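The values are calculated or read from the model by the stated rules, or taken from the named source; none is laboratory data. What you are looking at is a predicted structure, and each value in this text was computed from that prediction instead of being measured. Cβ sites come from the backbone with ideal geometry, for glycine too, and all protein chains shown count toward neighbours.
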């Protein structure tokens, strides 16, 4: 870490690097979950959801890169082994054993909400203490909140369509 960064630092950097490594591992798992889900998706809105999942996958990969770079800038080392990602992450990767879009949306929503909590924690840890990490965490948090909204929009659309096509409505 640079001399000026050390002078203005008012945060426990060991704890911060540990927390950033948790986020780093989770971003890689989220990337893989979205990427694989985009390939396997079947069911309502499959094409649109698969495209959205691929977009989210690319954003999660970008987040992993941002977090890794910040860990290195702070003098730490990102988790070096993919095998360690699952051990390090608190948000868990959920195998898309049921590729139905409704199920994939549920799985990814759980992951996004966990990521939101992670970046909220990093923002709280760094607010007024480490401006650059705070800026990065705030940017990622904003994108994770967008992901949550996009997933819930798809869920709402599917529910609305199902209600519209329900047998009760067709007989009226």
*more than 18 Å from residue 22 (Cβ to Cβ) and in contact with a helix residue (DSSP H, G or I) (Cβ under 8 Å, 6 or more places away or on another chain): does that describe residue 150?*
yes
*Conditions: (1) farther than 23 Å from residue 15 by Cβ; (2) touching a helix residue (DSSP H, G or I) at 6+ places or on another chain (Cβ under 7 Å). Residue 119 meets all but one. Number of the miss?*
(1)
*Top-ranked residue in region 72-86 [being over 19 Å from residue 29 (Cβ atoms), surrounded by fewer than 18 Cβ atoms within 10 Å (Cβ to Cβ) and in contact (Cβ under 8 Å) with a residue 24 or more places away in the chain; ranked as nearest to the chain's Cα centre (by Cα)]*: 73
*Exactly one condition in (1) touching a helix residue (DSSP H, G or I) at 6+ places or on another chain (Cβ under 7 Å); (2) free of Cβ contacts under 8 Å to residues at least 60 places away in the same chain; (3) surrounded by fewer than 17 Cβ atoms within 10 Å (Cβ to Cβ); (4) closer than 27 Å to residue 39 by Cβ is not met by residue 99; state its number.*
(2)
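Quick one: which helices (runs of 4 or more DSSP H) sit completely within region 1-98 and have at least 1 residues that are in contact with a strand residue (DSSP E or B) (Cβ under 6 Å, 6 or more places away or on another chain) and under 26 Å from residue 125 (Cβ atoms)?
none
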*Just give me the residues in region 16-50 being more than 24 Å from residue 78 (Cβ to Cβ), without any contact (Cβ under 8 Å) to a residue 24 or more places away in the chain and either surrounded by fewer than 17 Cβ atoms within 10 Å (Cβ to Cβ) or under 12 Å from the mean Cα position of the chain (by Cα) (or both), in sequence order.*
39, 47
*When only residues in region 105-146 that are assigned to a loop (DSSP other than H, G, I, E, B) and surrounded by fewer than 18 Cβ atoms within 10 Å (Cβ to Cβ) count, which is modelled with the highest pLDDT?*
127
*Of these, 162, 149, which one is farther than 30 Å from residue 73 by Cα and either outside any helix (DSSP H, G or I) or within 19 Å of the chain's Cα centre (by Cα) (or both)?*
149
